[in-house]
Amino acid sequence: MFDAHVHIIDPRFPLIENEGYLPDPYTIGDYRARMARFDIDGGAVVSGSFQGTDQSYLRAALAELGEGWVGVTNLHVDASDAEIIELDRAGVRAVRFNLKRAALDIVGLTMLALRAYDLVGWHVELYIDGSMLGSLEPVISKLPTLAIDHMGMSDDCLPYLLNLVDRGSKVKASGFGRVSMHVGQALRKIHAVNPEALMFGSDLPGTRAGRPFRDTDIEVIADAVGTDLHKVLEDNARAFYRLPAKERPFEDPAPTRPLYTAESPTLRLHRSELPKPPPPLPDTIPLPIIEN
């Protein structure tokens, strides 16, 4: 599995109180213990509002998590080209617009995002109340590649969200405990428009959410997307974050058995070894002629 939305809150690095809120620590060890029952082999560490534009925690997290993990960062609008390139080398693959929890310079961030895309191919991840999506059309139309966090947060935004999906945007199947929508129906509609759009994320530790991730959330996704579950749990996100595709060998559950194998070939017999034909039957004795 690829977890496309994880927050790591490392107490060794600075945190910023946001709206009076400061999260409890949530380390890589905490995350691994929580997800131990799942085969997690990669994911995206996403910077929260409480981490500001500090990059030290993100560099440390990606270095510890290793291969298969990428970063999504908050970046100051004045970040230099050199800083963007260096973060890309460290594994960062996207810049985040957190419009839900912070007042941001939208114009400045848009210019930054376009510069980062030209430099290193980064995309934008948008955390926003769905009711604002329509008003951001002038900004969204300028972004080359986009992912929407937590399915856009509400049913009110769904028509506009589906329009974005139809135009190639990705959507994170995450944060089920923080949205005001019928999750299963929303997943079905998004998947029907584009099976490549949805990307699973645990959103752990679920800061300020109504509830954190539950194991049964995977069942909700499976029920919505059916046999495309592997796309949502892994393949779509790996392609979006420019990681190698996961090889998944196919095994036929009922293979056709060969007539013979190289280990036990059909043996060729000499003519003298062929079975002898049965002896001929005696001549038929004619019936006597009966005269009337």
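The values are calculated or read from the model by the stated rules, or taken from the named source; none is laboratory data. Quantities reported herein were computed from a predicted structural model and do not represent experimental measurements. Reconstructed Cβ throughout: ideal geometry from the backbone, glycine too, with neighbour counts over all protein chains shown. The accessibility values were calculated without ligands, DNA or RNA, using every heavy atom of the protein model including side chains. Shrake-Rupley method; radii C 1.70, N 1.55, O 1.52, S 1.80 Å.
Side notes on the structure shown:
- Rounded, prolate or oblate (a/c below 1.5 giving rounded, otherwise prolate when a/b exceeds b/c) for the stretch 1-98 by Cα gyration tensor: oblate
- Distant-in-sequence amide contacts of GLU125, defined by a placed amide H-H separation under 5 Å and a gap of 5 or more residues or a different chain, comprise VAL95, ARG96, PHE97, ALA147.
- Neighbourhood charge, 14 Å Cβ-Cβ cut-off, centred on SER131 and excluding it, Lys, Arg +1 and Asp, Glu -1: -3
- Accessible surface of the stretch 62-191 [probe 1.4 Å, protein heavy atoms]: carbon and sulfur percent: 51
- Net dipole in debye of the stretch 136-235 [+1 Lys, Arg Cβ; -1 Asp, Glu Cβ; about Cα centre; nearest 20]: 260
- Relative packing of peptides 206-217, 150-161, 36-47 - highest average C-beta neighbours within 10 Å first: 150-161, 36-47, 206-217
- Set of lysines near LYS189 by C-alpha distance (under 17 Å), chain-local residues within fewer than 8 positions excluded: LYS170, LYS172, LYS231
- Shape call, the stretch 101-166: gyration tensor on alpha carbons, a/c limit 1.5: prolate
- Net charge of neighbours whose Cβ lies under 14 Å from the Cβ of PRO14, counting Lys and Arg as +1 and Asp and Glu as -1: -1
- Segments 195-203, 21-29 sorted - mean Cβ within 10 Å per residue, highest first: 195-203, 21-29
- Taking the DSSP beta bridges with both ends in the stretch 1-133, the antiparallel portion is around 10 percent.
- Net charge dipole, the stretch 1-154: roughly 160 debye, given to the nearest 20, about the Cα centre with Cβ charges of +1 for Lys and Arg and -1 for Asp and Glu.
- Shape analysis of the stretch 68-124 places it in the oblate category; the axes a ≥ b ≥ c from the Cα gyration tensor give an a/c of at least 1.5, with a/b not above b/c.
- The stretch 1-102: relative contact order as a whole-number percent, Cα under 8 Å and 6+ apart: 28
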